[in-house]
1. Across the range 161-197, what is the number of residues that are surrounded by 23 or more Cβ atoms within 10 Å (Cβ to Cβ) and aromatic (Phe, Trp, Tyr)?
2. Just checking, does the range 351-366 include any residue being assigned to a strand (DSSP E or B) and either touching a Leu at 6+ places or on another chain (Cβ under 9 Å) or farther than 23 Å from Arg401 by Cα (or both)?
3. Quickly run through the range 223-265 and pick out the residues that are part of a loop (DSSP other than H, G, I, E, B), under 22 Å from the mean Cα position of the chain (by Cα) and not small (Gly, Ala, Ser).
4. Pairs please, first residue from the range 169-196 and closer than 19 Å to Gly139 by Cα, second anywhere and among the basic types (Lys, Arg), Cβ atoms under 7 Å, 6+ apart in sequence or on different chains.
5. Working carefully through the options Glu187, Glu206, find the one that is assigned to a helix (DSSP H, G or I), of a type in the set (D, E, K, R) and out of contact with any strand residue (DSSP E or B) (no Cβ under 7 Å at 6 or more places or on another chain).
6. If I ask for residues that are within 18 Å of Tyr283 (Cα to Cα), β-branched (Val, Ile, Thr) and free of Cβ contacts under 8 Å to residues at least 60 places away in the same chain, which ones from the range 318-364 would you list?
7. Under 7 Å by Cβ, and 6 or more places apart or on different chains, what pairs join a residue from the range 126-149 that is at positive phi with one that is small (Gly, Ala, Ser) and at pLDDT 95 or above?
8. Test Ser346 against the criterion of being out of contact with any helix residue (DSSP H, G or I) (no Cβ under 6 Å at 6 or more places or on another chain), among the polar types (S, T, N, Q) and either part of a helix (DSSP H, G or I) or surrounded by 16 or more Cβ atoms within 10 Å (Cβ to Cβ) (or both), and give yes or no.
Amino acid sequence: MSTIKLWALALLALGTSACARPRTATADFIRTDGVNLVDSRGNRFEIRGTNLGHWLNPEGYIFQFPKSANSAHRINEGLCQLVGPAYMEHFWRTFRERYITREDIEYIASTGATTVRLPFHYKLFTDEEYLGMHAPEEGFALIDRVVAWCREAGLRIILDMHDCPGGQTGDNIDDSYGYPWLFRSPEMQERFIAVWRSIASRYADEPVILGYDLMNEPIAHYFEDKEELNAALQPLMIRTAQAIREVDPHHILILAGAQWNTNFKVYDNWTFDDNLMFTCHIYKCPPTEGSLKGFMAFRDRSQRPMYMGETGENTDEWVESFRKALDGANIGWTFWTYKRLDAERSFTSVAMPEGWQTICDFLAADRSEYELIRKARPDQAQCRAILDAYLENCRFVNCRRNAGYISALGLRP
């Protein structure tokens, strides 16, 4: 048996051995019904919520770091050069404990939101090292915890693989190496399928999970071979769906369009599974229904629901107008994103620590040689204190609630 197959079987065994909720005949799974979502009683369900971005897949711009530290591995490398790997293991461990907590989930629910989307890095569920984590049980423990909080708060959760093996986008958002290698590598594709099967095996009986967003924003638009890459997307989605259905008959499978979730011409088969939903993303556009017509046309042709997994990053006026357009078009939404550093375009805002620019200046410096790292490094004790201040500021109790933004979403601040 090949190493890949053994690796996949090990993941599967891990997932099935984990504690799952017992199956009940009345479990309230959300499912598709034509272009709508419904609960177990046939009542229509509307996705209204936010993304828990940055928590399990740190992004440089949310830290307000320079582009030289714009993805998880680049952030970690730069900060390890600044304050050392031992401190960074402490930092990431504390960050995961504090950035999203029960209090954050309770607050989101209190606004009237129905759903959160949880972006994650695939490495959370493997034995590959990831920001101080080394075993899949650590990743599953994090998901178990937030699922329990959502259950208590009455929220649904969408699991979103934001960073796929090999990279599916080819840019910083998937923590990859500048190209969507996933679509050129059978080994990476087998790993992708194995991780999803492991996740599905563990959570097959958990109705709090609305569905699995299989792949965030595949295939950026600027690759000359994008049509060849696009052609590989649907076959991989079909294979992944088949593997998931071997262990999980319940959850909605959510499929993204190519080119940042905008191109749905890559799909001509939506009958390979009877519980599919498609997901679009769009940011810089007129906040009107006209910007949604292409997505609506595909939705109506496929007779599958369409869901706006990400949008926003704009003024409160824009957010309100576009939210109303989405509601009018029968497209559910989770705006990006819940918490950011020193920003108003989010549910909550983390206060900027004093001296944060010192961290940014080091990350922006030329660090291409070890001598340059030594010359650029400021006082380490000072930098640790600045990072400690961030860890304190990101606690829910210390964050500012952005009432205008939340009201623009039609929710209660």
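1. Residues meeting the conditions: 3.
2. No, the range 351-366 contains no residue that is assigned to a strand (DSSP E or B) and either touching a Leu at 6+ places or on another chain (Cβ under 9 Å) or farther than 23 Å from Arg401 by Cα (or both).
3. Asp248, His250, His251, Thr262, Phe264
4. Matching pairs, first to second residue: Ile193/Arg239.
5. Glu187
6. Answer for the range 318-364, where residues must be within 18 Å of Tyr283 (Cα to Cα), β-branched (Val, Ile, Thr) and free of Cβ contacts under 8 Å to residues at least 60 places away in the same chain: just Ile331.
7. Taking only residues 6 or more apart or on different chains, the pairs are Leu131/Ala72.
8. yes
The values are calculated or read from the model by the stated rules, or taken from the named source; none is laboratory data. Since the structure is predicted, the reported quantities are computational estimates derived from the model, not experimental observations. No Cβ is skipped: glycine too gets one built from the backbone with ideal geometry, and neighbour counts run over all protein chains shown.
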